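J.: My structure is below; once you've seen it, I'll send some questions.
The values are calculated or read from the model by the stated rules, or taken from the named source; none is laboratory data. A quick note: this is a predicted structure, and the numbers were derived from the prediction, not measured. Neighbour counts are summed over all protein chains in view; Cβ atoms, including those assigned to glycine, are modelled from backbone coordinates with ideal geometry. With ligands, DNA and RNA removed, areas are computed over all heavy atoms of the protein, side chains included. Shrake-Rupley method; radii C 1.70, N 1.55, O 1.52, S 1.80 Å.
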Amino acid sequence: MKSAVLAQLEFPIIRAHQQADWALANETVLPDSSLIQAWLLDPDSLTAKLKRHCDSFEVKVLGQQSGSIRPDEAKWLGDDEHATIREVLLCCDGQPWVFARSVFPQSALDEQALQLGQLGNKPLGAHLFAQSDLERGAIEVAHFSPQSPIGQLNQQLGYPAQHLWGRRSCFKAAGQKVLVAEVFIGDSVPAKLMQLLQDEEA
Ligand SMILES: C=C(O[C@@H]1C=C(C(=O)O)C=C[C@H]1O)C(=O)O
């Protein structure tokens, strides 16, 4: 991905006033594609899966700073209007595959066991899944149109306009909460997911 494209992206991609239709996976209509359903509901680390799939895995940090979060995010974190917002692109062999937005309160940022202030371009998942007391909460899913901020990001990255699906869950570890949302992006999401599946089965 060209650095000029990255420089044009405005952090945060998701603004506090922009709603998304997050709903618990077991209480809403899921996409027809069994491939997309499988990744949406997979409780394992997405970083670990992507790392197995490609020769070079990279986290491109779009930004990590304190800011206002959305009410539907605050409800997971104890209604703290302000939190740290981290938005990244997960890239496989130079191509962005996932847009991720994580939000966590000051107490999580201060928690020494999690080292969230020292993440830099190291994957958040590596820190979370290393916690022996890690719990992953119920998975929510949401649908993003080509006109949505994430749909527009997908096109800014040079991919065609398409509808995208994302998942979100609240991780608990070291007595703290981290809400992580991930959206698969790219030219053809099902094709990418099929590649991941075939690599996993290889
Ligand atoms: C939670 C995970 O961490 C991944 C890495 C992220 C980051 O570095 O900001 C964000 C979301 C995840 O895709 C995971 O690997 O499952």
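J.: For LYS49, project a label point 7 Å along Cα to C-beta. Then give me every residue of region 148-177 with its amide nitrogen under 19 Å of that point.
T.: Only 163-172 pass the distance filter.
J.: Whole number in Å², please: accessible area per residue of the chain, 1.4 Å probe, ligands, DNA and RNA not counted. Walk me through the numbers on the way to the answer.
T.: Numbers: 9480 Å² over 202 residues.
Ligands and nucleic acids excluded, the result is 47 Å² per residue.
J.: Using only the alpha-carbon atoms of the chain, report the extent along each of the three principal axes, biggest first, to the nearest angstrom.
T.: 39, 38, 36
J.: Taking the Cβ-Cβ separation of ALA25 and SER132 as r and a Förster radius of 45 Å, what is the calculated FRET efficiency to the nearest 0.05? Numbers along the way, then the final one.
T.: Numbers: r = 26 Å, r/R0 = 0.58.
Computed FRET efficiency for ALA25 and SER132: 0.95.
J.: Tell me, how many Å apart are the Cα centres for region 10-83 and for region 141-202?
T.: Taking the Cα centre of each part, region 10-83 and region 141-202 sit 7 Å apart.
J.: To the nearest 0.05, what FRET efficiency results for SER33 and GLU81 with a Förster distance of 41 Å applied to their C-beta separation?
T.: 0.70
J.: Output wanted: per-residue J couplings in Hz (rounded whole) for region 119-127, from phi through Karplus 6.51 cos²θ - 1.76 cosθ + 1.60, θ = phi - 60°, x for Gly and Pro.
T.: 4, x, 9, 7, x, 3, x, 4, 6
J.: Could I ask something else about it? Of VAL29, VAL180, VAL61, which has the largest mean-square fluctuation in a 10 Å C-alpha GNM of the chain?
T.: VAL29
J.: Which value in deg cm²/dmol, rounded to the nearest 500, describes the helix-derived mean residue ellipticity at 222 nm for the chain, given -39,500 (n - 2.57) per DSSP H run of n ≥ 4 and division by the residue count?
T.: Value at 222 nm, helices only: -7500 deg cm²/dmol.
J.: Let me ask another. Suppose R0 equals 41 Å; then what is the FRET efficiency for SER66 and GLU201 from their Cβ-Cβ distance, rounded to the nearest 0.05?
T.: Values: r = 42 Å, r/R0 = 1.03.
My answer for the efficiency is 0.45.
J.: What does the accessible area of GLU27 come to, in Å² to the nearest 10, when a probe of 1.4 Å is used?
T.: Ignoring ligands and nucleic acids, GLU27 comes out at about 140 Å².
J.: To the nearest 20 Debye, how big is the dipole of region 1-159 about its Cα centre, given +1 on the beta carbon of each Lys and Arg and -1 on that of each Asp and Glu?
T.: Values: 12 positive and 20 negative charges, 116 e Å.
Charge dipole, region 1-159, about its Cα centre: 560 debye, nearest 20.
J.: Evaluate the relative contact order of the chain (contact order divided by residue number), counting alpha-carbon pairs under 8 angstrom at least 6 apart; express in whole percent.
T.: Working: 369 pairs, mean separation 49.0, N = 202.
With pairs under 8 Å counted, the relative contact order is 24 percent.
J.: Enumerate cysteines in the chain without a disulfide-compatible partner, where compatibility requires another Cys Cβ under 4.7 angstrom.
T.: CYS91, CYS170 - these cysteines have no disulfide-compatible partner (Cβ-Cβ under 4.7 Å) in the chain.
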